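For reference, the structure is listed below as structure tokens.
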């Protein structure tokens, strides 16, 4: 039995040695993996972090521009509303003035038409005084002669 015990003891030692080699191989692979992860981390810090900082700065700038644009749009809206209100006031004022002036201008035009008509009548009467007065006037005969009084 001593042979069997020694054989089992050898097998146990061999398994322990295999386990130790496996642990050493896993340790070496772990160190290699750790170095690769560190290299990737350095690349990320070197290449991506400045880009991410630029993106962060860009988003902050865009947010600020958006806020300013919103403020400016509000101001423009207020100014346009004020201008439209003033234009409406001016329009109503001009309309009332034009209506008032149109009545006055209509009166003046009527006076001028009356004066012109008076001058026309005066010229006709003056023509009668020069030589046509007292003469016989003959009218051409037409169908309406019987209506003339």
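The values are calculated or read from the model by the stated rules, or taken from the named source; none is laboratory data. The structure presented is a predicted model; accordingly, all values stated were derived computationally and were not measured. So basically every Cβ, Gly included, is an ideal-geometry build from the backbone, and we count neighbours across all protein chains shown.
Identify, from the list 57, 32, 68, 43, the residue that is in a helix (DSSP H, G or I) and modelled with pLDDT of 95 or more. Break it down stepwise before answering.
Values: 57 fails: modelled with pLDDT of 95 or more; 68 fails: modelled with pLDDT of 95 or more; 43 fails: modelled with pLDDT of 95 or more.
Only one candidate qualifies: 32.
In the set 78, 109, 102, which member is at pLDDT 90 or above and assigned to a helix (DSSP H, G or I)? It would help to see each step written out before you state the result.
Numbers: 109 fails: at pLDDT 90 or above; 102 fails: at pLDDT 90 or above.
Answer to the selection: 78.
Consider the stretch 124-149. How many of its residues are loosely packed, with under 10 Cβ neighbours inside 10 Å and modelled with pLDDT of 70 or more?
First, the residues of the stretch 124-149 that are loosely packed, with under 10 Cβ neighbours inside 10 Å: 126, 129-131, 133-149.
When the remaining residues are screened for being modelled with pLDDT of 70 or more, the result is 126.
Qualifying residue count, the stretch 124-149: 1.
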